[in-house]
Amino acid sequence: MSGLTMPKPDAATLARRAEIVADMRTIVPGEGVVDRVTGMRAFETDGLTAYRQLPLVVVLPETVRQVSRILKYCNERNIRVVPRGAGTSLSGGALPLEDAVLLVMSRFNRILEIDYENRVVVAQPGVTNLGITHAVEAEGFYYAPDPSSQIACSIGGNVAENSGGVHCLKYGLTTNNVLGIEMVLMDGEVIRLGGRHLDSGGYDLLGLMTGSEGLLGVVTEVTVRILKKPETARALLIGFPSSEQAGQCVADIIGAGIIPGGMEMMDRPAIHAAEDFVHAGYPLDCEALLIVELDGPPAEVDHLIGAVEQIAANNGSTVCRISRSEEERLTFWAGRKAAFPAVGRISPDYYCMDGTIPRKELPRVLAGMRDLSEKYALRVANVFHAGDGNLHPLILYDANKPGELEKAEAFGADILRLCVQVGGVLTGEHGVGVEKRDLMGEMFDQADLDQQMRVKCAFDPNHLLNPGKVFPQLRRCAELGRMHVHRGQMPFPDIPRF
Amino acid sequence: MTAFTPTTTEEVREVVAWAAGEGAPLEVLGHGTKRDIGRPIQSEHALDLSRLGGITLYEPNELVLGARAGTPIAEIEALLGEHGQQLAFEPMDYRPLLGGGNASGGTLGGVVAANVSGPRRLKAGAARDHVLGIHAVSGRGEAFKSGGRVVKNVTGYDLSKGLAGSWGTLAVLTDIVVKVLPAAETEVTLALRGLLDDAATAAMAAALGSSGEVSAAAHLPQGISGTMLGGMLGDESATLLRLEGFGPSVAYRADLLKGLFPQARIDEIDADRSRAIWREVRDCVPFADGTDKPVWRVSVAPSEGHRLALALRMQAPAMVFYDWQGGLIWIRMEGGDPEADLLRALIRSHGGGHATLVRASPSMRAAVGPFEPQEGALAALSARLKAQFDPNGILNPGRMAGA
């Protein structure tokens, strides 16, 4: 990926840059247009910091009408647009293009309505994920999907990426918690999907939009479901002599009909890095650590704690601590939450991967990673959303050593291939972006990719929104639309008909 | 009418490719339990998926089940039941309301294609929230797949969602992988008696806003409640709140909820009768009367349901009852006229939503668009999406949008 190929910039657009900037200033007056290099630098990368690109111009609209005018303008002149929320994407979803308008939605930062009776919040897309919870926590509510970047990431970006978090198994992903959006299509049309009611009356366009990584439209308003905060939450910190036993414990918990609020696993390198950093009291002689969180009414939580403790013992746990206070529960989590910076402390750089596997394949995938680690001579630590199979291998490398970034990327790509091989997928949370774009062929054949690209043709036939992301090939809509028609016999004529 | 009854994906693909080439409309069905929903389809050929059956994957500890689209729902639910698991979205059985279909009562493909859910949709999500992956054949006669067998998956567009609720008009589903969940150990239903629709709505909102973890909330007005459980409820209105889970948890939460309504008269309905009554709510049994009096299924914001129903009943005779905290309204038009224009205008003036005419005579369904009409840019986008999946318009043509 280091030789990342992006769509060739359009010479005509580049030549007209001054005119385009001036026209953007007409649409978004004041400080909403940034065209000087010094100002644009802040937007040249997102969370995938290895890749940087200055855009044509940065535009920060404040109203839906401005967004509509900008997109319409660009559509009419064949100018590309890259939407951006908070820029926390770990897959390069908001990586600019040299010839594209970078459309930044951060000024859409208000909560528009809180409706406790219907249990929804209506927010502008630039409101942070945690900001939604903060707005309703005084009344005892919260917004469930909790990606670890929640203090910074935007709810609009969450919709684009179908963001997850620790609590997904029990509470769902963004797509299961969004009831409606307002969005602007590339031709400038504003449409509303869903609302405070449940289900779509027609095609599930909201379902298609969620997780579409900024390729189908720009979200300008989001209606999300809020939930009553559980009465209590308690956690168990469980250590195992092997990842096989930890994995079997996870399977047995599910098999017992228990759906924990969260279930996270760390391997030995991750445990050590975390413990060295935050001193949360993690046991250092375990191959795998499991943190299981149970939430709900006290009677239920106490009952389930006992059940999980027994299951852990049946699976050979060597350590099993149960939180007796909220403070202790948070301490159990402290190491896990600090895992990424902890790894950053023991290595000049790290590359965080994101793949999902069937849970039972974890020991096999960990073994495969040990082999790859030897092959590439790079260390790897693992953090695993045990509840839903989403794996975050952290590959440790030093960007200052020539060739190490490339090796880390190759190692990462091999891990993702392994995930697909065992029945999993390329990305569970971070999205495809540019990072995994060229691996899409590992999971999908040409017919699969073509059908997805036809969806794009319905939304953005000129391919102007976020090109160069998600799909490895650009195929013209006219080409995709061609039907090979074979006129002829009725199929399987031998089969009796009635 | 010719019926094609494929038993393999390749045969499905052949039929659709042939039909696309001929421009020959296909009526796509599983068991046909829902074939009378939507505008009647004019076609000489049916694509019958009932022999494309079989459970292909079931791993209880992975919470995943995969099956061919023609697999009977009953078969899937039986297998899950043996392992203490369930389809959490509680799919409705349309047969009591519509008649029709064969004894097996609906397929997995039909449940997903029509996004069929039930009372627990309020808490657990709809059918579309439980689909992890699909294989299908587009109206172009091309086989494709999307998703996989894991919950955390953001690889490419979520075509599974796009196909859920598309009523066979975009592609023919051939294989589906769903997320399954543990079935509750036990349940109890609290019935608040004698509340009018507005008080019932407020009560349901209070219940859902509490820590009771209510898994279903319905309101049966007077006149409806007496038809449930063979009259066992009596005819006083009943506002039902279901609590599911482990025994001690259910007991604790029942007390918590009762404490929310100190002035109310509350009946406690035990597990077996609770299951029975929710099956009746799920399947719209109060209107399963063997007639073809028009029945609407309406979805609006929970706070608006009773207001819309009141406004409707001031202008046309109708019987109603509510599910989903008041946001799902079942309406039977007593005068025989579906009053579509009135209902759709009321939806617009009550915060939006949609109404589907799920039961009506074929001529009425042809005259009145059964699905919520779309306008402007949204309608154009839906039409473009349809064209991208089915450019020759052969899959269930005219069923959803106006031809």
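The values are calculated or read from the model by the stated rules, or taken from the named source; none is laboratory data. What you are looking at is a predicted structure, and each value in this text was computed from that prediction instead of being measured. A quick note on method: Cβ atoms are made from the backbone with ideal geometry, for glycine too, and the neighbour counts reach across all protein chains shown.
General remarks:
- Given (1) over 23 Å from B:VAL358 (Cβ atoms); (2) among the hydrophobic types (A, V, I, L, M, F, W, C); (3) assigned by TED's automatic domain parsing to the domain that holds B:PHE144, number of the condition B:ILE176 does not satisfy: (1)
- Hits in the stretch B:5-15 - residues which are surrounded by 23 or more Cβ atoms within 10 Å (Cβ to Cβ) and either more than 9 Å from chain A (Cβ to nearest Cβ) or touching a Ser or Thr at 6+ places or on another chain (Cβ under 7 Å) (or both): B:VAL12
- Flag for A:TYR203 being out of contact with any helix residue (DSSP H, G or I) (no Cβ under 9 Å at 6 or more places or on another chain), within 11 Å of chain B (Cβ to nearest Cβ) and at pLDDT 95 or above: no
- For the condition over 19 Å from B:ASP235 (Cα atoms), free of Cβ contacts under 8 Å to residues at least 60 places away in the same chain and either touching a Leu at 6+ places or on another chain (Cβ under 7 Å) or part of a helix (DSSP H, G or I) (or both), B:SER303 does not qualify.
- Looking only at residues of the stretch A:381-430 that are of a type in the set (Val, Ile, Thr), over 13 Å from B:THR155 (Cβ atoms) and touching a Gly at 6+ places or on another chain (Cβ under 9 Å), we find that the one that is surrounded by the most Cβ atoms within 10 Å (Cβ to Cβ) is A:ILE395.
- Residue check: B:LEU195 meets all listed conditions (1) outside the structural domain of B:THR56 (by TED's automatic domain parsing); (2) out of contact with any helix residue (DSSP H, G or I) (no Cβ under 8 Å at 6 or more places or on another chain); (3) part of a loop (DSSP other than H, G, I, E, B) but one, namely (2).
- Within the stretch A:384-401, tally of residues that are closer than 18 Å to A:ASP252 by Cβ and either among the β-branched types (Val, Ile, Thr) or touching a residue at least 40 places away in the same chain (Cβ under 8 Å) (or both): 5
- Single unsatisfied condition, B:GLY376 versus (1) surrounded by 15 or more Cβ atoms within 10 Å (Cβ to Cβ); (2) modelled with pLDDT of 95 or more; (3) facing chain A (nearest Cβ under 9 Å): (1)
- Assessment of the stretch B:169-189 against the conditions (touching a Leu at 6+ places or on another chain (Cβ under 6 Å) and within 23 Å of B:TRP330 (Cβ to Cβ)) yields at least one matching residue.
Listed here are the residues, each with its yes/no results for (1) surrounded by 24 or more Cβ atoms within 10 Å (Cβ to Cβ); (2) among the charged types (D, E, K, R).
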| residue | (1), (2) |
| --- | --- |
| A:GLU62 | no, yes |
| A:LYS72 | no, yes |
| A:VAL81 | yes, no |
| A:GLU98 | no, yes |
| A:GLU113 | no, yes |
| A:LEU130 | no, no |
| A:VAL136 | no, no |
| A:TYR142 | no, no |
| A:GLY157 | yes, no |
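- Some residue of the stretch B:244-267 being within 14 Å of chain A (Cβ to nearest Cβ), within 24 Å of the chain's Cα centre (by Cα) and in contact (Cβ under 8 Å) with a residue 24 or more places away in the chain: yes
- Among the residues making up the stretch B:294-304, those that are more than 9 Å from chain A (Cβ to nearest Cβ) and not hydrophobic (A, V, I, L, M, F, W, C) are B:PRO294, B:ARG297.
- Scope the stretch A:431-470; condition of a type in the set (A, V, I, L, M, F, W, C), at the interface with chain B (Cβ under 8 Å from one of its Cβ atoms) and part of a loop (DSSP other than H, G, I, E, B); matching residues: A:VAL432, A:PHE444, A:VAL470
- Enumeration of residues in the stretch B:357-373 that are surrounded by fewer than 19 Cβ atoms within 10 Å (Cβ to Cβ) and facing chain A (nearest Cβ under 10 Å): B:PRO373
- 2 or more residues closer than 30 Å to A:GLU326 by Cβ, touching a residue at least 40 places away in the same chain (Cβ under 8 Å) and β-branched (Val, Ile, Thr): qualifying strands (runs of 3 or more DSSP E) within the stretch A:171-262: A:232-240
- Taking the stretch B:103-189 and the strands (runs of 3 or more DSSP E) fully enclosed by it, the elements with 1 or more residues that are facing chain A (nearest Cβ under 8 Å) and more than 23 Å from A:VAL420 (Cα to Cα) are at B:131-138.
- Selection of first residues in the stretch B:201-224 that are at the interface with chain A (Cβ under 9 Å from one of its Cβ atoms) and of second residues that are part of a loop (DSSP other than H, G, I, E, B) and basic (Lys, Arg), restricted to Cβ pairs under 9 Å at least 6 apart or on distinct chains, gives the following pairs, ordered by first then second residue: B:ALA205/A:ARG119; B:LEU208/A:ARG119; B:GLY209/A:ARG119; B:SER211/A:LYS229.
- Some residue of the stretch A:382-389 being closer than 19 Å to A:GLY93 by Cα and either polar (S, T, N, Q) or away from chain B (no Cβ under 13 Å) (or both): no
So that you can scan it fast, the table gives a plain yes or no per residue for (1) in contact (Cβ under 8 Å) with a residue 12 or more places away in the chain; (2) crowded, with 22+ Cβ neighbours inside 10 Å; (3) not in a strand (DSSP E or B):
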{"residue": "B:ALA3", "(1), (2), (3)": "yes, no, no"}
{"residue": "B:GLU27", "(1), (2), (3)": "yes, yes, no"}
{"residue": "B:GLY38", "(1), (2), (3)": "yes, yes, yes"}
{"residue": "B:SER43", "(1), (2), (3)": "yes, no, yes"}
{"residue": "B:TYR58", "(1), (2), (3)": "yes, no, no"}
{"residue": "B:GLU75", "(1), (2), (3)": "yes, no, yes"}
{"residue": "B:GLY81", "(1), (2), (3)": "yes, no, yes"}
{"residue": "B:PHE89", "(1), (2), (3)": "yes, yes, yes"}
{"residue": "B:MET92", "(1), (2), (3)": "yes, yes, yes"}
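Let's see how each residue does on (1) part of a loop (DSSP other than H, G, I, E, B); (2) touching a residue at least 24 places away in the same chain (Cβ under 8 Å); (3) within 30 Å of B:GLU14 (Cα to Cα); (4) of a type in the set (Asp, Glu):
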| site | (1), (2), (3), (4) |
| --- | --- |
| B:MET364 | no, yes, no, no |
| B:GLY369 | yes, yes, no, no |
| B:GLU372 | yes, yes, no, yes |
| B:ALA379 | no, no, no, no |
| B:ALA383 | no, no, yes, no |
| B:LYS386 | no, yes, yes, no |
| B:PRO391 | yes, yes, yes, no |
| B:ARG399 | yes, yes, yes, no |
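- Which numbered condition A:LEU474 misses (of (1) surrounded by 21 or more Cβ atoms within 10 Å (Cβ to Cβ); (2) over 29 Å from A:PHE384 (Cα atoms); (3) out of contact with any Cys (no Cβ under 9 Å at 6 or more places or on another chain); (4) more than 8 Å from chain B (Cβ to nearest Cβ)): (1)
- Residue-level check: of (1) at pLDDT below 95; (2) closer than 20 Å to B:LYS161 by Cβ, B:LEU385 misses just (1).
- Selection from the stretch B:210-221 of residues that are of a type outside the set (A, V, I, L, M) and either under 24 Å from the mean Cα position of the chain (by Cα) or not in a loop (DSSP other than H, G, I, E, B) (or both): B:GLU213, B:SER215, B:HIS219, B:PRO221
Let's see how each residue does on (1) among the charged types (D, E, K, R); (2) modelled with pLDDT of 95 or more; (3) assigned to a helix (DSSP H, G or I):
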residue: B:THR201; (1), (2), (3): no, yes, yes
residue: B:THR239; (1), (2), (3): no, yes, no
residue: B:LEU243; (1), (2), (3): no, yes, no
residue: B:VAL250; (1), (2), (3): no, yes, yes
residue: B:ARG253; (1), (2), (3): yes, yes, yes
residue: B:GLY259; (1), (2), (3): no, yes, yes
residue: B:ASP267; (1), (2), (3): yes, yes, no
residue: B:ASP272; (1), (2), (3): yes, yes, yes
residue: B:ARG279; (1), (2), (3): yes, yes, yes
